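The values are calculated or read from the model by the stated rules, or taken from the named source; none is laboratory data. Given the structure is predicted, the values throughout are model-derived calculations rather than measurements. Cβ: placed from backbone, ideal geometry, glycine included. Neighbour counts: every protein chain shown.
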Amino acid sequence: MTTFVSDYEPRALWRRFDEILTVYRPSKGEDAMRRHVIEAAGARGLEHDRDEAGNLVVRLPATPGHEDAAVTVLQSHLDMVYEKNSDVDHDFATDPIVAERDGAYLTARGTTLGSDNGIGVAAMLALMDLGTPPEASVVHGPLELLFTIDEESGLTGAAKLSPDLLTGRRLLNLDTEEEGALYVGCAGGLGSRVSVPLVRHATPAGEAAFELAARGFKGGHSGVDIHLQRGNAIKLLARAIDAGAAAAAGGAADGEAAAVRLAGFSGGSAHNAIPREAFATVVLPADRAGDFRAAFEREAKAIVDEYLPVDPDARLDATPAGAPAETWDAETSARVIRLLVALPHGVASWSYDIPDLVETSTTLATVAETDGALEVLLSSRSSVDTAIRARARHIRAIAALAGAASSEEGGYPGWKPDMSSELLAVLQRVHERELGSAPAVKAIHAGLECGIIGEKVPGMDMISFGPQIEFPHSPDERVHVDSVGRFWKLLAAVLEELA
């Protein structure tokens, strides 16, 4: 499928991104995208190899006359986060992503765009098109193009990377989302899973019920956007339910009889995305329904007012509904509400060493009913290993107080900055020469595969850079079109310098 995106400059890159928009590539489901890369390599007679995990490397020979240069590794991940607004009819498995121009930016129609990390993948595919001798138009030494899998759901592709796949010891990661910045460090991460067993009871006759929803929050990447203090739909819906439940129980002679019971609670869609939407069903005695709804709506208005500067489209609604056949019992419902209110979300600490860098944070990411239990997934990040372990113990303590089980999963290491890096010196010099400005040298609170690759392949000199991508992991995701051209110019110039 060809769209207007192919008309942008540099055309070699945008043409490949156009193709990527039509390829289904969820985390742990990158087969079609990997085949696409292998077919592109085969069409140009390029060698490729893959490891048991499914990571793929394509070997691109040097431009004639540059065969003796050291091997450079370029790396991007094949998968993307699929998110869409609830009112958008889109099946990612069968429907291509529809790109739309919005001023200086490219975005998608009600869905994530996949510029994270699709622009990096497109750049590597473009190098395969343009960099095959003798018609090379980008001068470079020997390249190893590393396409990793499953980055977005825990960096597991990089974690299972076979070191034997690579011979190069300098790596350009193309997964940074801030133009004009060179990233030399990142946070490590650890997931926490809290599980509450659900006890169900038949719903008595004559009960009132409400369908509750928190919608319109911007969400975003749990590392890149956590400092923006956007609302967490799960946390805020639980807060409003807690206010309503207190009002419903407060005026009754028998608080237990008047207690709100939940019949469902769900929200969030990915471990590394701030939840934009959350939904719940509550049931309670009909004579207390008015008190519940009035208190819920008062709290909802307060929340909307509080978050208006960052989430202007947010809303919380309570809609009367028919009572379901079963609910969770009153004790279980109270435990779930209090647990969601108590669990942490947001920035825990800022770095003492690097200005404006979040050091430690936790995102309450998803809530879903699974196998008779309500499971809450939290994602903690930190550039300090001891701090991330302390965060996990914090979550365990809250879970224990709520009578819930807690465990950790998916840990990965951070990437410690090396300010003496030879590769960093090259990038700084070329950036200033080609783009007319000195780049900012930064570390990022999000996880990058560099931390894991550096642990797998000791001695790897690494830098991460990319175009301007905003609001990844949400339907507001957008990429600045002209920044992609400057990113490509920098990449080509750096490869020539390294050759």
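Brief remarks follow.
- Any hit, the range 81-89, residues being touching a Phe, Trp or Tyr at 6+ places or on another chain (Cβ under 8 Å), of a type in the set (D, E, K, R) and on the phi < 0 side of the Ramachandran plot: yes
- Among the residues of the range 477-499, the one identified as crowded, with 19+ Cβ neighbours inside 10 Å and among the acidic types (Asp, Glu) is GLU477.
- One residue alone among ARG381, ARG335, ARG315 is farther than 23 Å from ARG276 by Cβ and basic (Lys, Arg), and that residue is ARG335.
- Meets criteria (buried (at least 16 other Cβ atoms within 10 Å of the Cβ), at pLDDT 95 or above and either of a type outside the set (A, V, I, L, M) or out of contact with any helix residue (DSSP H, G or I) (no Cβ under 8 Å at 6 or more places or on another chain) (or both)) for LEU427: no
- For ALA158, the test of being of a type in the set (A, V, I, L, M, F, W, C) and within 15 Å of GLN468 (Cα to Cα) is failed.
- Residue within the range 458-465 that is under 13 Å from GLU179 (Cβ atoms) and at pLDDT below 95 present: no
- Test: ALA302 is at pLDDT 95 or above and more than 16 Å from GLY216 (Cα to Cα): no
- Screening SER76 on (1) at pLDDT below 95; (2) in contact with an Asp or Glu (Cβ under 8 Å, 6 or more places away or on another chain) shows it passes everything except condition (1).
- Matching entry among ARG109, ARG101, ARG15, ARG44 (being touching a Phe, Trp or Tyr at 6+ places or on another chain (Cβ under 8 Å), charged (D, E, K, R) and over 23 Å from LYS160 (Cα atoms)): ARG101
- You will find that of ALA233, ALA243, the residue that is of a type in the set (A, V, I, L, M), within 30 Å of THR176 (Cβ to Cβ) and at pLDDT 95 or above is ALA233 and no other.
- Number of positions in the range 197-240 that are within 25 Å of the chain's Cα centre (by Cα) and hydrophobic (A, V, I, L, M, F, W, C): 11
- Each residue in the range 449-480 was checked for being touching a helix residue (DSSP H, G or I) at 6+ places or on another chain (Cβ under 9 Å), of a type in the set (A, V, I, L, M, F, W, C) and more than 18 Å from LEU165 (Cβ to Cβ), and 4 of them qualify.
- Here the range 457-499 is the region considered, the condition is being of a type in the set (A, V, I, L, M, F, W, C) and in a loop (DSSP other than H, G, I, E, B), and the residue that is nearest to the chain's Cα centre (by Cα) is PHE471.
- The range 28-43 - residue that is touching a Leu at 6+ places or on another chain (Cβ under 9 Å) and not acidic (Asp, Glu) and, of those, nearest to PHE92 (Cα to Cα): MET33
- Of the residues contained in the range 231-239, one or more are found to be assigned by TED's automatic domain parsing to the domain that holds LEU377 and touching a Ser or Thr at 6+ places or on another chain (Cβ under 9 Å).
- Among the conditions (1) surrounded by 19 or more Cβ atoms within 10 Å (Cβ to Cβ); (2) farther than 30 Å from GLU477 by Cα; (3) modelled with pLDDT under 95, the only one that ASP254 does not satisfy is (1).
- Taken together, the criteria exclude SER6 from residues that are outside any loop (DSSP other than H, G, I, E, B), of a type outside the set (Val, Ile, Thr) and in contact with a Gly (Cβ under 6 Å, 6 or more places away or on another chain).
- Selection count where residues are surrounded by fewer than 19 Cβ atoms within 10 Å (Cβ to Cβ), under 28 Å from HIS271 (Cβ atoms) and not hydrophobic (A, V, I, L, M, F, W, C), scope the range 450-475: 2
- Test: VAL260 is free of Cβ contacts under 8 Å to residues at least 40 places away in the same chain, of a type in the set (A, V, I, L, M) and surrounded by 14 or more Cβ atoms within 10 Å (Cβ to Cβ): no
- Top-ranked residue in the range 40-70 [being under 28 Å from the mean Cα position of the chain (by Cα) and of a type in the set (D, E, K, R); ranked as farthest from LEU495 (Cα to Cα)]: GLU52
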